[in-house]
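**Q** Below you'll find the structure I mean.
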Amino acid sequence: MALVGGALSWRARQQGGASFKPERTRGTEAFVANLGILTAVLFALVIIMQGAASLILDECVR
């Protein structure tokens, strides 16, 4: 799900954002899209690290 959100943010960044709100500037749209991409990468990294920890740590260590 995190990667899907990142892909959607990447697509929004490439398309330039919402065309139905002309009062928004392109800088605002790019900032929100970049924030979505970075957040998705962060959440995907956290999910991967938790999975790696469960592979490394034994049940008795926890």
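**Q** Ordering 49, 1 by how much accessible area each has at a 1.4 Å probe, largest first, what is the list?
**A** From most exposed to least exposed: 1, 49.
**Q** Would you tell me the accessible area of residue 38, worked out with a 1.4 angstrom probe on the heavy atoms of the protein chains, in Å² to the nearest 10?
**A** Ignoring ligands and nucleic acids, residue 38 comes out at about 120 Å².
**Q** Pull out the extension gain between residue 38 and residue 50, defined as 0.36 nm times the separation in residues minus the alpha carbon to alpha carbon distance; nm, one decimal.
**A** That works out to 2.5 nm of additional length.
The values are calculated or read from the model by the stated rules, or taken from the named source; none is laboratory data. Fair warning: this is a prediction, and the values are worked out from it, not measured in the lab. Accessible surface is based on the protein model in full, side chains and every heavy atom, while ligands, DNA and RNA are left aside. Shrake-Rupley method; radii C 1.70, N 1.55, O 1.52, S 1.80 Å.
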